[in-house]
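Before any comments, here is the structure.
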Amino acid sequence: MPGPIDISQDVAAPADAVWTLITDIENSPAVITGIDSVQRLDDNEGFVVGTRWRETRTMFGKSASEEMTVTEIEPGRSYTTEAQHGKAHYTSSLRVEPTGEDACVLSMHFDAEVEGMLNKTLGAVMGKIFEGSTRKLMQQDLADIAEAAEAGTLNSG
């Protein structure tokens with residue numbers, strides 16, 4: 001399995017505007033070109049620990065959906081989501097660090113763990129194959145968020 005992977009993107013927009021974008025899950029398909037659709041799966045108000053959604057992307061020519069759950073939040077700064085797909089457990093985090101009044105760094109962390117010795121062996125081999133694609137996907141997500149934040153679009157507070 002690919003991971004851990006850490007990347008970052010400078011953003012010429014205030015950290016609070018970027019935070020608003022990355023926590024507006026329902027509108028993420030309008031911001032991130034790689035997301036086809038999102039379906040919220042909880043009754044929570046806003047964006048809190050326990051927020052759950054199904055995210056659908058087209059990957060390697062096929063539609064793939066993952067159910068994501070927010071497991072940690074540092075309000076205004078970072079959040080972590082986890083997802084389980086078969087024997088694989090995924091963890092991803094987004095962090096916003098202000099670097100000035102109208103600038104910040106947006107960072108993403110991704111890691112995957114698999115259960116079972118055979119799955120771990122296959123994961124180690126396949127992970128190297130998919131690591132480049134995963135990194136490229138993550139970089140595009142961050143670039144899309146930066147572009148939207150810098151354009152001032154979809155800032156709904």
Inter-probe distance in nm under a simple model that places probes 7 Å from Cα toward Cβ, at Glu97 and Glu150: 2.0 nm
Would you be so kind as to identify which of Ala13, Ser28, Gly86 lies farthest towards the positive end of the dipole of the chain, taking Lys and Arg as +1 and Asp and Glu as -1 on Cβ and the Cα centre as origin? Gly86
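At a 10 Å Cβ-Cβ cut-off, how would you order Thr58, Thr134, fewest neighbours first?
Least crowded to most crowded, the residues run Thr58, Thr134.
Would you mind getting me the FRET efficiency between Phe47 and Gln140? Use the beta-carbon distance for r and R0 = 22 Å, nearest 0.05.
0.50
Can you tell me the length gained on complete extension of the stretch Gln84 to Ser107, counting 0.36 nm per residue apart and subtracting the Cα distance?
Numbers: separation 23, 0.36 × 23 = 8.28 nm, distance 2.22 nm.
Value of the extension gain: 6.1 nm.
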Separation of the Ile7 and Glu131 label points, Cα + 7 Å toward Cβ, nm: 1.5 nm
Note, ³J(HN,Hα) from phi for region 65-70, Karplus 6.51, -1.76, 1.60, rounded to Hz, x at Gly and Pro: 10, 10, 8, 9, 10, 6
Tell me, what ³J(HN,Hα) does each residue in region 131-143 have, in order and in whole Hz, if you take phi through Karplus 6.51 cos²θ - 1.76 cosθ + 1.60 with θ = phi - 60° and put x for Gly and Pro? 4, x, 5, 5, 4, 5, 4, 4, 4, 5, 4, 5, 4
Ranking Leu106, Leu142 by Cβ neighbours within 10 Å, fewest first, what do you get? Leu142, Leu106
Just to confirm the filter: which chymotrypsin sites (Phe, Trp or Tyr not before Pro) across region 53-109 are DSSP coil and have at most 14 other Cβ within 10 angstrom of their Cβ? Phe60
Give a residue-ordered list of calculated ³J(HN,Hα) values for region 41-48 (Karplus: 6.51 cos²θ - 1.76 cosθ + 1.60, θ = phi - 60°; whole Hz; x for Gly, Pro). 10, 10, 10, 5, 8, x, 10, 9
Rounded to the nearest 20 debye, dipole of region 5-151 from Cβ charges on Lys, Arg, Asp, Glu: 800 debye
Between Thr51 and residues 5 or more places away or on another chain, the pairs with built amide H atoms under 5 Å apart involve Val70
Sort Val96, Val105 by Cβ crowding within 10 Å, fewest neighbours at the top. Val105, Val96
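Values in this text are rule-based calculations from the coordinates and carry no lab data. Since the model is a prediction, treat every value here as computed from it, not as a measurement. Heads up, the Cβs are rebuilt from the backbone with ideal geometry, glycines too, and the neighbour counts pull from every protein chain shown.
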